[in-house]
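J.: Got a structure here, written out as structure tokens. Questions coming.
Every number in this text was worked out from the coordinates using simple rules, so none of it is lab data. What you are looking at is a predicted structure, and each value in this text was computed from that prediction instead of being measured. Note: ideal-geometry Cβ built from the backbone for every residue, glycine included; neighbour counts use all protein chains shown.
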């Protein structure tokens, strides 16, 4: 993936009970990112979008899209593949998501 604008790399934050626990306890933030983005691009996008934060670590996971049941539509298809990134910030740094 070529160097993209940070808006195109970071899709959305993942707001769940587990991500909120990681955020408050360990300073980790969870984002849905472009599947083609690598760790360096994700780090640069986070630091560019939220000035003043320092990313210490980036963990990524790839997820395959689910194939929905055929009972409802009868047509073949699947949900898109996606990538999740867990961002660890330097102590004292925060991101205001809401």
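J.: Do you know which of the residues in region 38-74 that are assigned to a strand (DSSP E or B) and buried (at least 18 other Cβ atoms within 10 Å of the Cβ) is farthest from the chain's Cα centre (by Cα)?
T.: Step one: of region 38-74, the residues assigned to a strand (DSSP E or B) are 55-63.
Narrowing further to those that are buried (at least 18 other Cβ atoms within 10 Å of the Cβ): 55, 58.
Values: 55: 14, 58: 10 Å.
Per the criteria, the residue is 55.
J.: Across region 12-37, what is the total count of residues that are closer than 12 Å to residue 87 by Cα, outside any helix (DSSP H, G or I) and more than 12 Å from the chain's Cα centre (by Cα)? Step through it out loud before you land on a result.
T.: So the first thing to find is which residues in region 12-37 are closer than 12 Å to residue 87 by Cα, and the list is 13-14, 19, 22-23, 26-33.
Now restrict to residues that are outside any helix (DSSP H, G or I): 13-14, 27-33.
Those left that are additionally more than 12 Å from the chain's Cα centre (by Cα): 27.
Count: 1.
J.: Related question: Hey, does region 69-81 have a residue that's within 23 Å of residue 98 (Cβ to Cβ) and touching a helix residue (DSSP H, G or I) at 6+ places or on another chain (Cβ under 9 Å)? Full working, then the answer.
T.: Narrowing region 69-81 to residues within 23 Å of residue 98 (Cβ to Cβ): none.
So far as region 69-81 goes, no, none of its residues is within 23 Å of residue 98 (Cβ to Cβ) and touching a helix residue (DSSP H, G or I) at 6+ places or on another chain (Cβ under 9 Å).
J.: Something else: Quick check on region 4-22: of everything there that is surrounded by 11 or more Cβ atoms within 10 Å (Cβ to Cβ) and touching a helix residue (DSSP H, G or I) at 6+ places or on another chain (Cβ under 9 Å), which residue is nearest to residue 48 (Cα to Cα)? Give the derivation first.
T.: Our first condition is that a residue be surrounded by 11 or more Cβ atoms within 10 Å (Cβ to Cβ); within region 4-22, this holds for 4, 6, 8-11, 13-15, 19-22.
Still in the list and also touching a helix residue (DSSP H, G or I) at 6+ places or on another chain (Cβ under 9 Å): 4, 6, 8-10, 13.
Values: 4: 12, 6: 7, 8: 12, 9: 11, 10: 11, 13: 16 Å.
Ranking the candidates gives 6 first.
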